[in-house]
Amino acid sequence: MEKIEEIESKIIEIVREQHKKDGGSNGVTCGSFDHILNLPIEERNEFLFRMAKERKIVIFDSLNMKRVTMPK
């Protein structure tokens, strides 16, 4: 597995690009990072929630699923 900092920067880049497109209103699904993390769903979610706790990303509930966006 790559270094944690490199993985986090790739995730933040994906979220930042989507944030530029939609102004932060939609975010991206948690599944958008599966090709980077290559982890089971539970471990992927733990990784993303840890990043959210560190305020690197924000996870919110949309109508049908959890989505990820940039902090304001």
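The values are calculated or read from the model by the stated rules, or taken from the named source; none is laboratory data. These numbers come from a predicted model, not from an experiment. Ligands, DNA and RNA are excluded from the accessible area calculation, which covers all protein heavy atoms including side chains. Shrake-Rupley method; radii C 1.70, N 1.55, O 1.52, S 1.80 Å.
Overview of values
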item	result
With all protein chains modelled, accessible area of D22 [1.4 Å, Å²]	30 Å²
Where the chain is the region considered: accessible area per residue in Å², 1.4 Å probe	68 Å²
Shape of the chain, Cα gyration tensor, a/c cut at 1.5	prolate
Listed residues I7, I14, I36 arranged by accessible area, highest first, probe 1.4 Å	I14, I36, I7
Surface accessible to a 1.4 Å probe, K10 within the full protein complex, Å²	90 Å²
The chain: calculated mean residue ellipticity at 222 nm from DSSP helix runs of at least 4, using -39500 (n - 2.57)	-15500 deg cm²/dmol
The chain, accessible surface, carbon-and-sulfur percent (1.4 angstrom probe)	52 percent
Listed residues I12, I59, I41, most fluctuating in the chain (Gaussian network, C-alpha, under 10 Å)	I41
